[in-house]
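What follows is calculated from the coordinates using simple rules that are stated; it is not laboratory data. Everything numeric in this text was worked out from a predicted model, so none of it was measured. Please note: Cβ atoms are built from the backbone with ideal geometry, for glycine as well, and neighbour counts cover all protein chains shown.
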Amino acid sequence: MPATTELAVAAQAPDPLRPEALFPIREVARLTGINPVTLRAWERRYGLIQPTRTESGHRLYSMHDVEAVREILGWIERGVAVSKVGKILAKSRMAQSQCLAPVNEGLLGEYGRWRDQLKLAVSAFDEAQLDRLYGQVFSCYALPVVFQEIFLPFWKQLLQDREVFGQTSEWLFLDGFLRGRILQRLALQRATPQHLLLTAFNQQCRELELLVAALLLGHDQLGVRVLGPGVPLQELTLVCEQLKPQALVVFSNHAPTTELPKRLKRLALTLDCPLMLAGDAADLAQDSFIDSPVVCLGSEGRVMQQRLRQFLGGYLDT
């Protein structure tokens, strides 16, 4: 293909509704807010993304590459150095692959089309249509897929792009809608005789992320009681003495500091119930809790559910 033809193809505005669409680097920069120099550095220095190349060497990125860029940005915003992101992504995906069937490209495109419909509803502030989509998604997929593959990626995208005019209002609209629906579902669990206590570590997550974790961890026989962000870690022993939960789960989506394992291990010694860590920090700090009383549940919905059931059933090693 002649170079001029290649450039013309790359210059065409790709249709983001098509999962097979390819984007030139300047379009990826517009979609993600990451400049082309940084995108090239992530590719050359760290191998974090691998765009396809035309015969003349021009980079073309798929929607999968665009999602990968957003995932990398999310880790960096949580305090992870870019040089360490590659290992984190590889470890996280390997852990998921051990418990999950591989997700094929068709499903990824399907999830993307749902997110495209959500975007149309949210940009129009159409709560009725958003509610219809919410019900349709729930009727088609399991709970972890509903949130971790469809709603939360779109929510995070709006959050990352909130400096763009109008995006903050759209994010607040979606955030309020989802929090309301999840609180309704959590209210149905309160009648269960046993419950977990869930709290955020040093406010290292947003309320919606904590509520989604509660929904993923609970089931018909086990409710989840959520403590609002801001509860001091040193007061959790007193709270557990009063509420007597089956277990205390601390949630964090930030890169763990060196103090996190030390503080949680000390807390575990003061509790009359098991202590668990969930969220991205559980994947990143897992090695720090080997041979300790703290159980790492991970961050992916099905993995968290499986490990929680195994531990409460008495057959998960800590």
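May I ask you to list the trypsin sites (Lys or Arg not before Pro) in region 118-179 that are in a DSSP loop and have at most 15 other Cβ atoms within 10 Å of their Cβ? Working shown, then result.
Numbers: sites: K119, R132, K156, R162, R179; in loops: R162.
Listed in order of number, the matching sites are R162.
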Practice task
State, to one decimal in nm, how far the label point of A128 lies from the label point of A41, with both points 7 Å from Cα in the Cβ direction.
Solution key: 5.0 nm
Handout entry: Fraction in percent of alpha-carbon pairs per bin - 10 Å, region 193-312
Key = 14, 53, 32, 1
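Between the DSSP loop rule and a limit of at most 11 other Cβ atoms within 10 Å, which GluC sites (Glu not before Pro) in region 130-188 are left?
Values: sites: E149, E163, E170; in loops: E163.
Listed in order of number, the matching sites are E163.
For Cα pairs less than 8 Å apart in space and 6+ apart in sequence, what is the mean separation divided by the residue count of region 193-312, i.e. the relative contact order in percent? Working shown, then result.
Details: 209 pairs, mean separation 31.1, N = 120.
Relative contact order for region 193-312 comes out at 26 percent.
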Handout entry: Listed candidates (i) 64, 44, 39; (ii) 50, 43, 42; (iii) 72, 45, 36 - label of the one calculated as Cα extents along the principal axes in Å
Key = (iii)
Handout entry: Virtual spin-label span in nm between L243 and L89, 7 Å along Cα→Cβ
Key = 3.6 nm
Completion exercise
Given Cβ charges of +1 for Lys and Arg and -1 for Asp and Glu, the option among V164, A213, Q246 whose Cα lies farthest towards the positive end of the dipole of the chain is Q246
Exercise for the section: Taking every pair of Cα atoms in region 97-185, average 1/r, invert it to obtain the Kirkwood radius, and report Rg/Rh to two decimals. Expected result: 0.98
Practice task
Largest first and to the nearest Å, give the Cα extent of region 229-298 along each principal axis.
Solution key: 31, 27, 18
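Report Rg(Cα)/(2.2 N^0.38 Å) for region 162-203, keeping two decimals. Can you show the working numbers first?
Working: Rg = 15.2 Å, N = 42, 2.2 N^0.38 = 9.1 Å.
So the Cα radius of gyration is 1.67 times the expected 2.2 N^0.38 Å.
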Handout entry: chymotrypsin sites (Phe, Trp or Tyr not before Pro) within region 230-318, DSSP loop, no more than 12 other Cβ atoms inside 10 Å
Key = Y315
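Give the order of T258, T54, T270 when sorted by the count of other beta carbons within 10 angstrom, beginning with the fewest. Please list the in-between numbers first.
Working: T258 8, T54 17, T270 13.
Ordered from fewest to most neighbouring Cβ atoms within 10 Å, T258, T54, T270 come out as T258, T270, T54.
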Exercise for the section: Would you grab the residues whose amide H sits under 5 Å from the one on F251? Only those 5+ places off in sequence or on another chain, please, with H modelled 1.01 Å from N. Expected result: T199, A200, F201, A278
Practice task
Taking the Cβ of each residue in D116, D220 as the centre, tally the other Cβ atoms inside 10 Å and list the residues starting with the fewest.
Solution key: D220, D116
